1. Failed condition for Arg4, given (1) within 19 Å of Asp122 (Cα to Cα); (2) among the basic types (Lys, Arg); (3) in a strand (DSSP E or B), with all others met?
2. Could you check how many residues of region 75-90 are touching a residue at least 24 places away in the same chain (Cβ under 8 Å) and surrounded by 19 or more Cβ atoms within 10 Å (Cβ to Cβ)?
3. Within region 122-144, how many residues turn out to be of a type in the set (Ser, Thr, Tyr) and either exposed (fewer than 15 other Cβ atoms within 10 Å of the Cβ) or in contact with a helix residue (DSSP H, G or I) (Cβ under 7 Å, 6 or more places away or on another chain) (or both)?
4. Six or more apart or on different chains, Cβ atoms under 9 Å: show the pairs whose first residue is in region 110-121 and exposed (fewer than 12 other Cβ atoms within 10 Å of the Cβ) and whose second is part of a strand (DSSP E or B).
5. Anything in region 1-15 that is at pLDDT 95 or above and surrounded by 13 or more Cβ atoms within 10 Å (Cβ to Cβ)? List them, or say none.
6. I'd like the full set of residues that are aliphatic (A, V, I, L, M) and surrounded by fewer than 18 Cβ atoms within 10 Å (Cβ to Cβ), limited to region 36-59.
7. Just checking, which of Arg93, Arg126 is of a type in the set (Lys, Arg) and over 23 Å from Thr22 (Cα atoms)?
8. Take Gly108 and tell me if it is of a type in the set (Gly, Ala, Ser) and out of contact with any strand residue (DSSP E or B) (no Cβ under 9 Å at 6 or more places or on another chain).
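The values are calculated or read from the model by the stated rules, or taken from the named source; none is laboratory data. This is a predicted model, so every value here is computed, not measured. A quick note on method: Cβ atoms are made from the backbone with ideal geometry, for glycine too, and the neighbour counts reach across all protein chains shown.
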Amino acid sequence: MEIRNYVLSFPTTGKTDLIDITREVSLRIRESGISEGSVLIFVPGSTAALTTIEYEGGVIEDLREAIARLAPDNLNYRHDARWGDGNGYSHVRAALLGSSLTIPVIEGKLVLGTWQQVILCDFDNRPRKRQVVVQVSGKVTGDQ
């Protein structure tokens, strides 16, 4: 079994960015040479998350609105009272979705549904340069 590690970087705006990173993850799988296994995708930090969804304008706005209903940005959060940075809602939103995904890799490709993409969700209230760790593990093409 082989393991390949990559770090991807994405600039964000601080306005609940939902970014389709499927292509970049797929490119790293291809680059890894691993044909059968899995990919672990992880976003370090407590104000960002990962999920899968159909990356279509309507459903992206639906997701944005649903997240805002679950953890509105205009409530009083204890985190804000303690730290004064105004991003308590960002921490709650990220915790609800989670910081990692594991997806099977078969024949060198992500196993996703027809309308399913990998999405980076940045909930922080200021622009950031988000890093996403991609760890591909499994059998390299041609290995027995």
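1. (1)
2. Looking only at that region, the number is 3.
3. Qualifying residue count, region 122-144: 1.
4. The qualifying pairs are Gly113/Thr52; Trp115/Ile53.
5. Within region 1-15, Glu2, Arg4, Tyr6, Leu8, Phe10, Thr12 meet the criteria.
6. Within region 36-59, Leu40, Ile53, Val59 qualify.
7. Answer to the selection: Arg126.
8. Criteria not met by Gly108.
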